[in-house]
């Protein structure tokens, strides 16, 4: 197969739709930059949401189910752009649901932390009581 010259390569690329050369990493928004911490002190999630405005993000806690949603819609002279994502986690049983803390950093990272109570970590010896005598 003959090699294309740079002029031929440019010409071939110029006939292709613009999106074939676009940065498609934004199509994976919500997947990139994701970090989950689940240790003895806390459950935490950090998510790169820099492609979304704060008003385009929602965080829901229903029971122990944590849901993060983002939806962006934009019209331009060239068309319409829509991005969205939904991420869900089940918080561990020992998380304090009333102390969940949410922050959005200046560089667009959404950070959610749920401290753990540690109640399941305590070990105690349980006394064994004799059963009542049958009469």
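The values are calculated or read from the model by the stated rules, or taken from the named source; none is laboratory data. Given the structure is predicted, the values throughout are model-derived calculations rather than measurements. Ideal geometry is used to build each Cβ from the backbone, glycine not excepted, and the neighbour counts take in all protein chains shown.
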Restricted to the range 53-63 and to residues being under 23 Å from residue 81 (Cα atoms) and within 13 Å of the chain's Cα centre (by Cα), the residue surrounded by the most Cβ atoms within 10 Å (Cβ to Cβ) is 57
The conditions are (1) at pLDDT 90 or above; (2) loosely packed, with under 12 Cβ neighbours inside 10 Å; (3) out of contact with any strand residue (DSSP E or B) (no Cβ under 7 Å at 6 or more places or on another chain), and residue 38 fails exactly one of them. Which is it? (2)
What are the residues in the range 85-113 that are under 15 Å from residue 47 (Cα atoms) and touching a helix residue (DSSP H, G or I) at 6+ places or on another chain (Cβ under 8 Å), if any? 104
